[in-house]
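*Asks:* The structure that follows is given in the form of structure tokens.
The values are calculated or read from the model by the stated rules, or taken from the named source; none is laboratory data. These figures come from a predicted structure and were not determined experimentally. FYI the Cβ positions are ideal-geometry reconstructions off the backbone, even for glycines, and counts take in every protein chain you see.
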Amino acid sequence: MIRREAEKEIIALAKQFKAVAVVGPRQSGKTTLVRWIFKDKEYVSFENPDIRLFAIEDPRGFLSNYPNGAIFDEAQRVPDIFSYLQQILDESVVKGLFIITGSNNFLLQESISQSLAGRVGYLNLLPLTLHEIGDKERTISQTIFKGCYPSLYNDTVDTTQWYSNYIRTYIERDVRLIKNITNLVVFEKFLRLCAGRIGQLLNMNSLAVEIGVDTKTISSWISVLEASFVVFRLQPYHSNFNKRVVKMPKLYFYDTGLASALLGIQNSEQIDVHPFRGALFENLIIVDFLKSRFNKAKTNNLYFWRDNLGKEIDLIIDNGMDIIPIEIKSGQTITIDYFKGVVYWNKLAQKEGGYVIYGGDLVQKRSNSITAIPFSAINSIENKLL
């Protein structure tokens, strides 16, 4: 089993709260991790129809079978169970009594906020970070194409086939669970069009016209993708020194392997010359910062900055004490153009510093205090900045 950076934080949450919820996309390693950490707890999967029916029809009787707590997997399948779990947690003094996992953030958060607010420690577990994968020999294209789902590193699996099955299962099961979308063919087209907009400003009107639905439908479908950890919106940074800033968020995927599959990419060699190579690399780096943040059970503090003249910073980290600008470049050879965005931002902010993360393998600190970091070594600054 690949050891996860979130393990330490989950253990800490279990010492503070009576229940812990670990939420993330399917196949992100939630079940494996919590069963590894809490070996003494009984495991219950609500994917099992018999168990799910028992919990739905007789929740009190069901919960009485677990006086010492348990791991409840895919708990969003039985949302009413949380109302009955509330009394058990209130009457118990035991920390970490129940461990709850789920792959539907909307349904699980709604259930927890209604019944278990203040009683549950919450952690989002995304697929593997680059540091957890740890293979320094893999190229950028290989990393992007394979993605970061643990299953692809524990077994001998055909990557293309794995993602094909993942997409089909997601559309046929998870989408129906979240929202009753009847035309799944159109929804799949929408999903693939989203992959073609990685790193771009999210223009819902444009998507609506291309798919042939209204903007309210597009907004609803984006929410479905966010709730099931397929995409996320990177918000623009507003506290800035130029009023003429872009207000739209940017669209990214939680996994570049999934995005590559949706783009129809068949192997890593195609990424070497693909027009989306830069956008996919940018996605890879930004989501790795997000994973490292979530692994510490912290909220998202990542943004981008762009004005109406096209001046842009790919990633802004607001850590409360400082604002750190980061540019992301997929090229392997550093050029002076790599630093222009950060230099421009520093001039506005009247400060120094910042980072360029690129596809090469050397660390370079320039005279303007901007440091170029290889993508394989970003863990060194993630620990420092997050």
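*Asks:* Of I211, I218, I222, which residue is in contact with a strand residue (DSSP E or B) (Cβ under 9 Å, 6 or more places away or on another chain), farther than 19 Å from A261 by Cβ and among the aliphatic types (A, V, I, L, M)?
*Replies:* I222
*Asks:* Are there any pairs with C-beta distances below 9 angstrom linking a residue in region 179-199 that is in a loop (DSSP other than H, G, I, E, B) to a residue that is surrounded by fewer than 16 Cβ atoms within 10 Å (Cβ to Cβ), with the two at least 6 apart or on different chains, and if so which?
*Replies:* What qualifies is K179/S220; K179/S223; I181/S220; R197/N203; R197/S206.
*Asks:* For region 94-105, which positions are surrounded by fewer than 16 Cβ atoms within 10 Å (Cβ to Cβ) and either closer than 14 Å to D80 by Cβ or not aliphatic (A, V, I, L, M) (or both)? Let's see the steps before the verdict.
*Replies:* Within region 94-105, the subset surrounded by fewer than 16 Cβ atoms within 10 Å (Cβ to Cβ) is 94-95.
Passing the criteria: only K95.
*Asks:* Which of (1) under 18 Å from the mean Cα position of the chain (by Cα); (2) part of a loop (DSSP other than H, G, I, E, B); (3) surrounded by fewer than 20 Cβ atoms within 10 Å (Cβ to Cβ) does H238 not meet, given it meets every other one?
*Replies:* All conditions are met except number (1).
*Asks:* With respect to S268, determine if the residue is surrounded by fewer than 22 Cβ atoms within 10 Å (Cβ to Cβ) and touching a residue at least 40 places away in the same chain (Cβ under 8 Å).
*Replies:* So S268 fits the description; yes.
*Asks:* Would you list the helices (runs of 4 or more DSSP H) that sit entirely within region 251-358 and hold 3 or more residues that are among the charged types (D, E, K, R), over 19 Å from G196 (Cβ atoms) and out of contact with any strand residue (DSSP E or B) (no Cβ under 6 Å at 6 or more places or on another chain)?
*Replies:* On the way: elements: 256-262, 268-272, 277-294, 340-349.
Those helices (runs of 4 or more DSSP H) span 277-294.
*Asks:* Could you list, in sequence order, all residues of region 340-386 that are among the aromatic types (F, W, Y) and at pLDDT below 95?
*Replies:* Result: Y344, W345, F375.
*Asks:* Right, next: L85 - would you say it is in contact with a Gly (Cβ under 9 Å, 6 or more places away or on another chain) and in contact (Cβ under 8 Å) with a residue 60 or more places away in the chain?
*Replies:* Considered against the rule, which asks whether it is in contact with a Gly (Cβ under 9 Å, 6 or more places away or on another chain) and in contact (Cβ under 8 Å) with a residue 60 or more places away in the chain, L85 comes out as no.
*Asks:* Would it be correct to say that G96 is over 30 Å from S380 (Cβ atoms) and in contact with a Gly (Cβ under 8 Å, 6 or more places away or on another chain)?
*Replies:* Values: over 30 Å from S380 (Cβ atoms): yes; in contact with a Gly (Cβ under 8 Å, 6 or more places away or on another chain): yes.
So G96 fits the description; yes.
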